[in-house]
Amino acid sequence: MTSPLRLLIATTNRAKLGEYRLLLADYPFILISLADAGLEVAPQESGANFAENALIKARFYRRLSGFATLADDGGLEIDALGGEPGVRSHRWLDGRETSDQELIAEVLRRMAGVEDERRTARLKVAVALAYKAEGKEHEAVVETALEGIIARHAYPSFRAGFPYRALLYLPERGCFYAQLDDRQAASVSQRKAALERARPFLFEILRAT
């Protein structure tokens, strides 16, 4: 039987984990990381889209840990590049893990010369939950996006693990996403919007404990 109110945040990305800690601060969950749970294995992310990959991870870590589990998958979609890098956002170059700087440089290279009106893009996320309620296993997935434009240069300072924030300019804010501090960034993030949509499922987890 799982411990009361524990929610596993299934990510190895420290920046992402920190953002979830901010976004879920008002919920009475005990948030635990993969490291807290002693989980060093990872599933093969073979999904065709963000939602499928998020569910693969949520199911995998729910089964291993026994905890209610939150997992996500997301990335950058650039209209002028036909939606790339998309579901391969972190393995865009030859299917391998690459550094934040390499990803930034590749976007700028491919977008060189693209007109301003064609530089629209978005950071998308799918958040999946796997949990037990009323004696049954449940799954839920929600998707949201943060719209912006790809700048012609990268903002020089950004949080490690969030490279595309250095490229996404937010016209409504008049700044790069990377210019926002942690709390400001969390307040406008695609993850915040996703958790708002997932609120009924989060409360279902709480009622079941």
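The values are calculated or read from the model by the stated rules, or taken from the named source; none is laboratory data. Please read all numbers here as calculations on a predicted model, not as lab measurements. Using ideal geometry, Cβ is built from the backbone for each residue, glycine included, and neighbour counts are taken over all protein chains shown.
What the table shows:
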read-out: Criterion (buried (at least 22 other Cβ atoms within 10 Å of the Cβ) and either closer than 25 Å to E84 by Cβ or in contact (Cβ under 8 Å) with a residue 40 or more places away in the chain (or both)) met by exactly one of A145, A166, A151; value: A166
read-out: Selected residue [farther than 25 Å from G47 by Cα, within 16 Å of the chain's Cα centre (by Cα) and not hydroxyl-bearing (S, T, Y)] from A133, A140, A105, A178; value: A178
read-out: Selection within the range 86-113 - closer than 15 Å to A154 by Cβ and either touching a Leu at 6+ places or on another chain (Cβ under 9 Å) or of a type in the set (D, E) (or both); value: D100, E102, L103, I104, E106, V107, L108, R110, M111
read-out: Any hit, the range 38-59, residues being in a loop (DSSP other than H, G, I, E, B), of a type in the set (D, E, K, R), modelled with pLDDT of 95 or more and surrounded by fewer than 16 Cβ atoms within 10 Å (Cβ to Cβ); value: no
read-out: Residue match in the range 73-95 (condition: under 19 Å from the mean Cα position of the chain (by Cα), surrounded by fewer than 18 Cβ atoms within 10 Å (Cβ to Cβ), polar (S, T, N, Q) and not in a strand (DSSP E or B)); value: no
read-out: The range 64-104, residues that are without any contact (Cβ under 8 Å) to a residue 12 or more places away in the chain and closer than 29 Å to Y131 by Cβ; value: G86, R91
read-out: Matching residues, the range 183-209, being touching a residue at least 40 places away in the same chain (Cβ under 8 Å) and loosely packed, with under 13 Cβ neighbours inside 10 Å; value: R183, R207
read-out: Y131 being touching a Cys at 6+ places or on another chain (Cβ under 9 Å) and either crowded, with 22+ Cβ neighbours inside 10 Å or at negative phi (or both); value: no
read-out: Filter pass, E117 being more than 29 Å from R62 (Cβ to Cβ), surrounded by fewer than 18 Cβ atoms within 10 Å (Cβ to Cβ), free of Cβ contacts under 8 Å to residues at least 60 places away in the same chain and touching a strand residue (DSSP E or B) at 6+ places or on another chain (Cβ under 6 Å); value: no
read-out: Matching residues, the range 105-114, being in contact (Cβ under 8 Å) with a residue 12 or more places away in the chain and surrounded by fewer than 19 Cβ atoms within 10 Å (Cβ to Cβ); value: E106, L108, R110, M111, V114
read-out: Close pairs (8 angstrom Cβ cut-off, 6 or more residues apart or separate chains): under 16 Å from D72 (Cβ atoms) in the range 38-49, part of a loop (DSSP other than H, G, I, E, B) and not aromatic (F, W, Y) anywhere; value: A42/T12
read-out: Residue match in the range 186-203 (condition: under 28 Å from S99 (Cα atoms) and modelled with pLDDT under 95); value: yes
